[in-house]
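A.B. asks: Quick one: the structure is below, questions incoming.
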Amino acid sequence: MKTIVVDPGHGGNDRANRGYSGKYIEADGNLQFALFLHYYLKDYFNVILTRKEDKTLSLTERGKMAKGADMFLSAHSDAWEKESNGVTIFDSVDLSNETLGAEIGKAIADSMGIKFKGVRERESQKNKGEDYYTVIDVAQDIGCPVVLLLERGFHSNPHEEQLLLNNNIVRESAKAVAEKIKAYYGVSESAETKEITQPIWKYQGLEYLAKNGLLNDLENWKKKIDEPMPVWASGILLAEIHKNLKGE
Ligand SMILES: [Zn+2]
């Protein structure tokens, strides 16, 4: 089984990157995307996340986690001027993953309905022959053969910030990227087949919530049984339970 490391950029002490309106926080957006990607890949690959929560990690620590892995993907969103837009993929100057990078970039851009700007390589000016981006440089130097950094649209662009804040679009992006990775490694089973392999207690959990009026749309939830629950949803759920306990 291939090993794929997914690195949600930023987090912990590094939460300053925000969208045009200030609502989008890049650290959280990257994590959300990475959690969805993990969900769509985990039945087919050994998937390692550099972080699963809001946590400080250096670029070197992240890159080193690519040791022994077959693929390393660092998830980001871009920032420049208000008008800047589109998806850009960065490949290592020492590797040739342009074809896969373009597939992944197009998949993200299409899922968001925005422009794909292409696969780029950026060489360090200080250290010629090395990558400008530390995380790419370290992951490549440690021997990982496929290293890509994904700039999933511009959070500095008002329209693209809204797309990056849309949970459904982020999920669709992750799903589309997972399909490209599966195709790259020749893994052909559809994501739908895994539903029947889920242990029964997962469904029992959902059914309990539905029976007690804490969950609508049971059938839909069964289809996305392992998806992470956003913090706000946990809050609503706990508030409902609290209300029931108090008999309101
Ligand atoms: Zn970033």
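A.B. asks: Go through the stretch 1-41 and count every residue that is more than 13 Å from the ligand (Cβ to nearest atom), part of a helix (DSSP H, G or I) and either touching a Gly at 6+ places or on another chain (Cβ under 8 Å) or open to solvent by 10 Å² or more (accessible area, probe 1.4 Å) (or both).
C.D. replies: 5
A.B. asks: Among the candidates H242, H155, which residue alone is modelled with pLDDT of 85 or more, at negative phi and open to solvent by 80 Å² or more (accessible area, probe 1.4 Å)?
C.D. replies: It is H242.
A.B. asks: Can you tell me which residue in the stretch 63-93 is nearest to the ligand (Cβ to nearest atom), limited to those that are open to solvent by 70 Å² or more (accessible area, probe 1.4 Å) and in contact with a strand residue (DSSP E or B) (Cβ under 8 Å, 6 or more places away or on another chain)?
C.D. replies: So, considering only residues that are open to solvent by 70 Å² or more (accessible area, probe 1.4 Å) and in contact with a strand residue (DSSP E or B) (Cβ under 8 Å, 6 or more places away or on another chain), the one nearest to the ligand (Cβ to nearest atom) is W80.
A.B. asks: Condition check: in a helix (DSSP H, G or I) and either at pLDDT 95 or above or surrounded by 22 or more Cβ atoms within 10 Å (Cβ to Cβ) (or both). Does T56 satisfy that? Spell out the reasoning first.
C.D. replies: Numbers: in a helix (DSSP H, G or I): no; either at pLDDT 95 or above or surrounded by 22 or more Cβ atoms within 10 Å (Cβ to Cβ) (or both): yes.
So T56 does not fit the description; no.
A.B. asks: Return the residue satisfying two criteria in turn: it lies in the stretch 97-152 and is charged (D, E, K, R) and assigned to a strand (DSSP E or B), and of such residues it is farthest from K180 (Cα to Cα).
C.D. replies: Out of the qualifying residues, it is E123.
A.B. asks: Further, regarding this structure: Mind listing whichever residues of the stretch 192-208 are touching a helix residue (DSSP H, G or I) at 6+ places or on another chain (Cβ under 8 Å) and at pLDDT 80 or above?
C.D. replies: Pass one, the stretch 192-208, residues touching a helix residue (DSSP H, G or I) at 6+ places or on another chain (Cβ under 8 Å): 195, 203, 206-207.
Answer for the stretch 192-208, where residues must be touching a helix residue (DSSP H, G or I) at 6+ places or on another chain (Cβ under 8 Å) and at pLDDT 80 or above: Y203, L206, E207.
The values are calculated or read from the model by the stated rules, or taken from the named source; none is laboratory data. What you see is a predicted model, and the numbers here were worked out from it, not measured in a lab. Cβ sites come from the backbone with ideal geometry, for glycine too, and all protein chains shown count toward neighbours. Just so you know, the surface numbers come from the protein's heavy atoms only, side chains and all, with ligands and any DNA or RNA stripped out. Shrake-Rupley method; radii C 1.70, N 1.55, O 1.52, S 1.80 Å.
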